[in-house]
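Heads up, the thing below is written out as structure tokens.
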Amino acid sequence: MTYLVTGVTGGLGAGILKYLSEKVPVSEIAVLVRSQEKGKVFADKGYDVRVADFSDQEKLEQAFEGIDMLMFVSSAPGQEISREQQHRNVIAAAKAAGVKNIVYTSISNGEKSTSVLAPDHIVTESLIKNSGLAYKILRNNWYLENEVDTIKSALAGKGFVHAGGDGKVGWALRREYAEAAANVLAGDFSTSNIYELAGRQISYAELAAAVKEATGQDFEVVSLSDQDFRQGLKEAGLPEPVIAIVAGIQSSIADHQLEVAHSQLENLLGHQQLPLVEAIKEVLV
């Protein structure tokens, strides 16, 4: 079995590579990078380095040659070439190159989601399902690391500010999502599956209480309306495209878009998540 992991210079992809390397020989793992320079650190560790960009389908086809299992970490939105087009290129290239299996990192609730981040994932899931490839779709909820700036701002006396209302989020550590993905890659692929992956679902108010317990510090929790939250981001000097994404995410949380009926994260991990208070301490180190 030959594996290829994308996104290895990012947090999730790097974590997946780390855990996968503990399960299968490094000689069976390839990594996708945008340049030979970025690939050197991986080549030095014995990985097969493939160079291509999601924007170039032809080069992707070459990079995917001889690969059985593709770990497709979704790209970031807001790039010059749309994320949807990048994802179309990846799937078309995988089919053309003869890749047999694909694992994709998607969004909670998939086609039911109205999150600002959902449309590209919905299209990608559909393309994968109709690709003829065996697949595992990992609908990752939300990284606890995404809240570090909010937490640090609160600890600095500026308040724990959010616009998520009473919506609940399944926060988990990025490394936990990465470990789950690696377990899927190295596991049984006889059937295609979609997994909802989330931590214990809690509100921002509950997260703030856990932060207070973890740090021993008290602070104000400020729940804003969508309009006031957007205005605050504008006053902070954020550009409109960033405001649209950040505020859109908060709005989707307030609309309960990250709440899932059942999470399979701990099942895929094979162990319990790190308790929230301990996880908060970890991300603040």
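Overview of results
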item: Close pairs from the range 260-285: first of a type outside the set (A, V, I, L, M), partner in a loop (DSSP other than H, G, I, E, B) and surrounded by fewer than 17 Cβ atoms within 10 Å (Cβ to Cβ), Cβ under 6 Å, at least 6 apart; result: E266/Q272
item: Unmet criterion (only one of (1) crowded, with 17+ Cβ neighbours inside 10 Å; (2) part of a loop (DSSP other than H, G, I, E, B)) for D188; result: (1)
item: From D228, D218, residue being modelled with pLDDT of 95 or more, acidic (D, E) and part of a helix (DSSP H, G or I); result: D228
item: V8 assigned to a loop (DSSP other than H, G, I, E, B) and under 18 Å from L138 (Cα atoms); result: yes
item: Unmet criterion (only one of (1) within 22 Å of R174 (Cβ to Cβ); (2) surrounded by fewer than 15 Cβ atoms within 10 Å (Cβ to Cβ); (3) not basic (K, R)) for E235; result: (1)
item: Scope the range 20-77; condition touching a strand residue (DSSP E or B) at 6+ places or on another chain (Cβ under 8 Å) and in a loop (DSSP other than H, G, I, E, B); matching residues; result: V24, R34, S35, Y47, A52, F64, I67, D68, V73, S74
item: Residues of the range 107-132 satisfying the condition of being outside any helix (DSSP H, G or I) and either within 14 Å of the chain's Cα centre (by Cα) or surrounded by 15 or more Cβ atoms within 10 Å (Cβ to Cβ) (or both); result: I107, S108, N109, S113, S115, V116, L117, S131
item: Every residue from the range 81-100 that is of a type in the set (V, I, T) and either surrounded by fewer than 22 Cβ atoms within 10 Å (Cβ to Cβ) or without any contact (Cβ under 8 Å) to a residue 12 or more places away in the chain (or both); result: I81
item: Criterion violated by Q264 - all others in (1) farther than 27 Å from G187 by Cα; (2) surrounded by 15 or more Cβ atoms within 10 Å (Cβ to Cβ) satisfied; result: (1)
item: Matching option when the condition is modelled with pLDDT of 95 or more, under 15 Å from A178 (Cα atoms) and not aromatic (F, W, Y), among A94, A14; result: A14
item: Identity of the residue in the range 146-167, within 20 Å of G10 (Cβ to Cβ) and in contact with a strand residue (DSSP E or B) (Cβ under 9 Å, 6 or more places away or on another chain), that ends up surrounded by the fewest Cβ atoms within 10 Å (Cβ to Cβ); result: N146
item: The listed residue being free of Cβ contacts under 8 Å to residues at least 40 places away in the same chain and either within 26 Å of S55 (Cβ to Cβ) or crowded, with 18+ Cβ neighbours inside 10 Å (or both), out of Y135, Y104; result: Y104
item: Residue match in the range 25-46 (condition: of a type in the set (G, A, S), modelled with pLDDT of 95 or more and closer than 29 Å to H262 by Cβ); result: no
item: Pair list, Cβ < 8 Å and 6+ apart or interchain, from the range 17-37 residues that are closer than 12 Å to A186 by Cα to residues that are of a type in the set (D, E); result: Y19/E179; I29/D48
item: Test set (1) farther than 19 Å from R174 by Cα; (2) touching a Lys or Arg at 6+ places or on another chain (Cβ under 9 Å) - G46 fails condition number; result: (2)
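The values are calculated or read from the model by the stated rules, or taken from the named source; none is laboratory data. For clarity, every value in this text was computed on a predicted model and none was experimentally measured. So basically every Cβ, Gly included, is an ideal-geometry build from the backbone, and we count neighbours across all protein chains shown.
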